[in-house]
Structure formats: C-alpha cells, structure tokens
1. Give me the strands (runs of 3 or more DSSP E) completely within the stretch 26-102, filtered to those with at least 2 residues that are of a type outside the set (Val, Ile, Thr), ordered by residue number.
2. Within the stretch 65-78, work out how many residues are buried (at least 23 other Cβ atoms within 10 Å of the Cβ) and without any contact (Cβ under 8 Å) to a residue 60 or more places away in the chain.
3. Do we have any residue at all in the stretch 7-18 that's outside any loop (DSSP other than H, G, I, E, B) and within 23 Å of residue 176 (Cα to Cα)?
4. For the stretch 326-343, which residues satisfy the criterion of being open to solvent by less than 40 Å² (accessible area, probe 1.4 Å) and either assigned to a strand (DSSP E or B) or of a type in the set (A, V, I, L, M) (or both)?
5. Can you tell me which residue among 422, 412 is over 27 Å from the mean Cα position of the chain (by Cα) and open to solvent by less than 30 Å² (accessible area, probe 1.4 Å)?
6. Kindly evaluate residue 312 against the criterion of being within 20 Å of residue 340 (Cβ to Cβ), open to solvent by less than 10 Å² (accessible area, probe 1.4 Å) and not aromatic (Phe, Trp, Tyr).
7. When you scan the stretch 411-423, how many residues do you find that are more than 6 Å from ligand 2 (Cβ to nearest atom) and over 13 Å from residue 393 (Cα atoms)?
Amino acid sequence: MPIRGLKLFKIRGGVHPNANKDATHDKPITDLPIPELLRIPLLQHIGSPAEPVVKRGEHVLKGQLLARPQGVISAPVHAPTSGRIISIGKFQAPHPSGLPVMTITLKSDGKDEWVDSDAVTDPFDMEPAEIAEKVSDAGIVGMGGATFPSAVKLGLGNRYQLEKLIINGAECEPYLTCDDRLMQESADEIIDGIRIMIHTLGVKEAIIAIEKNKPGAINAISVAAADYPEIKVIGVPVQYPMGSEKHLTQTLTGKETPARALTADLGIVVHNVATAYAIHQALRQSKPLLSRIVTVTGGAISKPGNFRALIGTPVSHFIEHCGGLTEEPAKLLLGGPMMGQPLPSTKAPIIKGSGGILALTEKELRLKNPSPCIRCASCVNVCPCGLLPLEMASHARAGDLEGAADFGLMDCISCGSCSYVCPSHIPLVQYFNYAKGALTEKQRAQHKQEEIKRLIAARAERMEKQKQAKREAMARRKAEMAEKKKQQSEASA
Ligand code: SF4
Ligand code: SF4
C-alpha cells in the first residue's frame, strides 16, 4: 500500500515544465504491426557494442541470438521477429555521437515464428548468479533510457553491502506516458519482476516511487503489491529530474550520492519499472528483450498513442500507424523533450531505451535564436548537480574540454534544466553533450596512443632481448669452435 509516513527529502534545483501528457495518458497500450524491415543496432546500451553471430542471407527465428556481448559491460541483441538478414553494416541510429552504428537489417517473413526457448525454472529456486546470467542472456538493459546492462547491476551485491532496491516509476519527462500505462496495465508482472530482483540482490525491501500526477499507476501498483510487505509504494513530488537515479535516491533517503560514485555506495540499487517487467518476462517466460512500450506524441502527430513495438522498428512506421503528421515538425526526437536525442531521419529505429517519439511543432518548442549570456545565474540555481553551467558552456564553446571538465562536465547528467530556464535561449545541454562525447573520444584516443607506445616499447625490448640472445649464442658457438679447433690441433700434434 502507499506509504504515508515516509519522510521525503528535497532535491537541489530542478524545474517544473508543463507535463503535456494529456494526449496519451489515457491511451491504452496497443500492439504496433510488425514492419517489413527492422534495423537492429549493435550498440543499444552503455558499454561495448555486441558482435554479430549471424551472416547476411541467413534465416533467423524470433528470439534467436543475433549478436553476442563483447566484454563485461555489453549486452546481446536478438531477432525481434523471424525473417532474413539482408545486411550487416553501418546505419543511422539514435546515438549521442550522431554517428552511424553497426546495424543488422532483418526482413520480416511475416510468420513471427519463435526459436525454441529454454525451460522455465521458478526463479525463487535459482541462485542469484543464475538469475543474473539469465537477465544478461536476455539482453536486458535499463529501460528508463540509461541502458546500462541490468545483469551488472543485479550483481552489485557481490561488491557492495546493499540494503534497498528503489524502483523508478517517476516518469518525470514531459509528454511520455509509456511507464504510466505499463504500471496501470501490467502491475502484477512488474511486482513479480521486483520480487525476483529483491531475491537476486539479497535486499530487505523495495520502494516504488511514482510521481503524484499518476494516481492510476499508484493505485494499480499498490493493489498488486498489497500482499508483499517488503514492497512499498510512494508518491513523489512532480519535479524534473525526479527520475534521475541519484536524485530519486536523495528524495527517498536524504542521502546524496557523491559525484562519480554509485548509489550502490549508499547501499541502494535503482531500476526502472519497465526493466522489472522485462525481468519478469525473461525469468517466467524465457523471453529475451525484443519489444518495449513507446509513447508517440507531440503537436505534429495526428493520432498520438502508446504502443508495444519491436526493437528496431523504424520511426516512420510509428508515424504512419499514427495517421501521419499534421504539419512538418520543428523537431523530431527519440525520447522526451528534455533528454531525448534529435533524430537524423525517420528511417532511424527505436532501441531498447527509447520511451518516446516526439514530433514537436514550433509553437511547442518556443524556438528563439540564442543571445549572449547575461550572467543571470538562473542555470546555476536549477542545476540539480550543483554545477556552474555558464562556466562549463563558455569553456566547451571555446573548445577547452579540460577546462569544462574542471567545472564538472562529466558530472552533468544532461537533464537539460539549465537550457530550459536560460533567458538567452543558449542550448547549454547541447554543448555539454557534444563536449562529453568529444572528451570521451579524446581520452579514448589518448589511451590508444599510450597503448601503441607501450606496445612499441615492449616490441623494442623483445627485439633487444632476441638480439642479445643471438649475440650470446654466436659467442658461445665461436668459443665452442675455437675449443674444437684447439682440441684438433692438439690431437694432430
Ligand atoms: S541562464 Fe543563460 S543567461 Fe543566465 S547565466 Fe546561465 S547561460 Fe547565462
Ligand atoms: S544539463 Fe547538466 S549542467 Fe544543465 S542542469 Fe542538468 S546537470 Fe546541470
């Protein structure tokens, strides 16, 4: 039942944008028809891209492994339906870098035929490590948009003293209603996923936090959780970015996660409601992550709605299904208006972390040309991470990435609160996203250069050792020959 007595703590900064959820919050989830072509990027998660295990021309079944993870922080991808692989190559994708990503293109055969799946075991009879492995094999990543591989988070109990699981049902991004609808329509499955996570992590309790503007979801989840005293439900204030992991933790516990630390350092793990649902499906039905709920909305969409769609479905397919566009959108986004990625084209597909497709009109965007900074400090006042966005921006704009980093660039959660309030309409968060990408690239290049230098030095050392060994062998051979000669001349004398 909803907790009444739990004390909530204030978070620093944040903003209160218009929710704009009216167009879809009462629209039940419906299945989007399978498109003819699915584009499945191999990098849909934080970490290393997956490596293909199929070839062009191969026929695959729904749920079949298409690409395996590379490294610890990675995730596999599976065929969302049955059909033929028609290409494996770079394709435009909703990635922060804006660059094309290795992508498998699958032509559906229209049969939607499943591969044989593993037998289902009661997760409460399984060891935590077995559950984490099953979650990893299912390719589940943070469905709230963070896309961090969920199995890695489920294994944190091995390294941290964990006490609590927080389930993020805040859905603080304007326009998006996918989590709200999932909570209202699949509350039992979500609660089951949460119980599996409690068992896996070895924590005593879970708190489900839902923003107070979702009474239907609070009610449905509270009813489903009623028989489980270890699961509590709480309505949290409507404030952006309440759904940020660290800020939700602070709201519920009063504990602030230090910069570059994890909530696990405080004994807390945070997962999204849709991730709990995906874990239920993986453990109870042996289903990998093949689909997700997507809100399609914005002033330029004819018939907005919430859809269950296969991963890899092109954005154009959603727009067509929603009756097309009423006008040319001023901005097309994958995700919400605060943190969403601008879409390079409607051919780009949805990925595991895509909660929404937004086609926004000029009127909705309040588009204005940027003007010089007036040093009003509004951006500083709203930054939930306590950063100085104006200073970071001036360094980032000047190309001084290290200077921006000194002001906390890598601690920025890209929430966009600073851009939202800036009276000069400076696209601050865009500078930060670009600068973070460029800095990561620079660091990667530096590491690569250092690695090359190390390999060259190691090779030179190896060659020198070989030369030395050769010299020593020759000297030995010379000495042996001289000895042999001496012996021969002594014998003949
Ligand atoms: S809000 Fe905009 S104008 Fe005000 S200090 Fe920040 S960057 Fe400058
Ligand atoms: S985008 Fe970054 S700098 Fe701007 S308010 Fe959010 S955390 Fe602060």
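1. 37-41, 65-68, 83-91
2. The qualifying residues number 2.
3. yes
4. 332, 333, 334, 338, 343
5. The unique qualifying residue is 422.
6. Here the answer is yes, as residue 312 does meet what is asked.
7. Total meeting the criteria: 4.
One line per residue, one yes/no per condition, for (1) part of a loop (DSSP other than H, G, I, E, B); (2) in contact (Cβ under 8 Å) with a residue 12 or more places away in the chain; (3) within 22 Å of the chain's Cα centre (by Cα); (4) away from ligand 1 (no atom under 16 Å from the Cβ):
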{"position": "386", "(1), (2), (3), (4)": "yes, yes, no, no"}
{"position": "391", "(1), (2), (3), (4)": "no, yes, no, no"}
{"position": "396", "(1), (2), (3), (4)": "no, yes, no, no"}
{"position": "399", "(1), (2), (3), (4)": "yes, no, no, yes"}
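The values are calculated or read from the model by the stated rules, or taken from the named source; none is laboratory data. What you are looking at is a predicted structure, and each value in this text was computed from that prediction instead of being measured. No Cβ is skipped: glycine too gets one built from the backbone with ideal geometry, and neighbour counts run over all protein chains shown. For accessibility, only protein heavy atoms count, side chains too; no ligands or nucleic acids. Shrake-Rupley method; radii C 1.70, N 1.55, O 1.52, S 1.80 Å.
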